[in-house]
1. Given the structure, is Leu105 surrounded by 20 or more Cβ atoms within 10 Å (Cβ to Cβ), closer than 26 Å to Ala23 by Cα and either among the aliphatic types (A, V, I, L, M) or in contact (Cβ under 8 Å) with a residue 24 or more places away in the chain (or both)?
2. All but one of (1) part of a loop (DSSP other than H, G, I, E, B); (2) of a type in the set (A, V, I, L, M); (3) outside the structural domain of Thr153 (by TED's automatic domain parsing) hold for Leu31; state the number of the condition that does not hold.
3. Go through the residues of region 46-66 one by one and say whether even a single one is modelled with pLDDT under 95, surrounded by fewer than 13 Cβ atoms within 10 Å (Cβ to Cβ), outside the structural domain of Ile101 (by TED's automatic domain parsing) and assigned to a strand (DSSP E or B).
4. Looking only at residues that are among the acidic types (Asp, Glu) and not in a loop (DSSP other than H, G, I, E, B) in region 165-218, which one is farthest from Val80 (Cα to Cα)?
5. Does region 167-218 hold any residues that are among the charged types (D, E, K, R) and within 25 Å of Ser77 (Cα to Cα), and which are they?
6. What tally of residues in region 171-218 results from selecting those that are surrounded by 14 or more Cβ atoms within 10 Å (Cβ to Cβ) and in contact with an Asp or Glu (Cβ under 7 Å, 6 or more places away or on another chain)?
7. Can you tell which of Pro94, Pro52 is within 26 Å of Leu198 (Cβ to Cβ) and within 20 Å of the chain's Cα centre (by Cα)?
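The values are calculated or read from the model by the stated rules, or taken from the named source; none is laboratory data. Quantities reported herein were computed from a predicted structural model and do not represent experimental measurements. Note that each Cβ is placed from the backbone with ideal geometry, even for glycine, and that neighbours are counted across all protein chains shown.
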Amino acid sequence: MPSLAHLAPGSGSRDGDLVAVGADLAPGTILSAYRRGMFPMPIDGQLAWWSPDPRGVLPLEGLRVSRSLRRACRSYSVRVDTAFESVITACADPGRPGGWITPALVDAYTQLHALGWVHSVEAWSPSGELCGGLYGVAIGGLFAGESMFHRGTDASKVALVALVSLLRSGGATLLDVQWRTDHLASLGVVEIPRREYLRRLAGALAGPGPWDQDPAIS
């Protein structure tokens, strides 16, 4: 199989989104991939690396918060990195439609969380129940969202609202969501060409992010 170190976005499959197959899930491999605009997602039982063209991003000034979502934000409290393993386990539930998060990915991102590179944002009920959340990779001013889940109405969206606030206050500039979907588009996600994504990525990696400090939800 080809080594990830010798592949760059643009090579690989005809549609261009799949750019490498193989390599490993060591922390250095994963972080190197994100710094080059790639992320892992299995396909047909093999470890694959993707760099979508176009790329889905959520402009930090462009989040759409509906009236109902504003109400939901008052129904939950938000915490950061207090239940990472519960969040990633919920996201990796094999019963979820389209589930793709394998046990190997759970182990890899849990290790990266322990090393300080992967973080969770969680929505909690007043009674102390974890109702939703998300996790992703933070490198400088980049946050690469990986997955989210909810057990309560709009709980994952509440976590996203809190994440955007956190990123803005911490000086981050790029929130990557990989692919645009209709659901994400309703929240403000847009598509940009890969070339533009890589340009923004370079700037984000060189800049600050909230986890360079002690993150706090405002």
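1. yes
2. Every listed condition holds for Leu31 apart from (1).
3. Within region 46-66 (the criterion being modelled with pLDDT under 95, surrounded by fewer than 13 Cβ atoms within 10 Å (Cβ to Cβ), outside the structural domain of Ile101 (by TED's automatic domain parsing) and assigned to a strand (DSSP E or B)), the answer is yes, since at least one residue qualifies.
4. Taking region 165-218 as the starting set, the residues that turn out to be among the acidic types (Asp, Glu) are 176, 182, 191, 196, 212, 214.
Those still in the list that are not in a loop (DSSP other than H, G, I, E, B) too: 176, 182, 191, 196, 212.
Details: Asp176: 19, Asp182: 27, Glu191: 28, Glu196: 30, Asp212: 14 Å.
The residue in question is Glu196.
5. To start, the set of residues in region 167-218 that are among the charged types (D, E, K, R) comprises 168, 176, 180, 182, 191, 194-196, 199-200, 212, 214.
Arg168, Asp176, Asp212, Asp214 - these are the residues of region 167-218 that are among the charged types (D, E, K, R) and within 25 Å of Ser77 (Cα to Cα).
6. 2
7. Pro52
Yes/no per residue for (1) free of Cβ contacts under 8 Å to residues at least 12 places away in the same chain; (2) in contact with a strand residue (DSSP E or B) (Cβ under 9 Å, 6 or more places away or on another chain); (3) in the same structural domain as Ser75 (by TED's automatic domain parsing); (4) within 16 Å of Val121 (Cβ to Cβ):
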{"site": "Lys157", "(1), (2), (3), (4)": "no, yes, yes, yes"}
{"site": "Leu163", "(1), (2), (3), (4)": "no, yes, yes, yes"}
{"site": "Ser169", "(1), (2), (3), (4)": "no, no, yes, yes"}
{"site": "Ala172", "(1), (2), (3), (4)": "no, yes, yes, yes"}
{"site": "Thr181", "(1), (2), (3), (4)": "no, yes, yes, no"}
{"site": "Leu205", "(1), (2), (3), (4)": "no, yes, yes, no"}
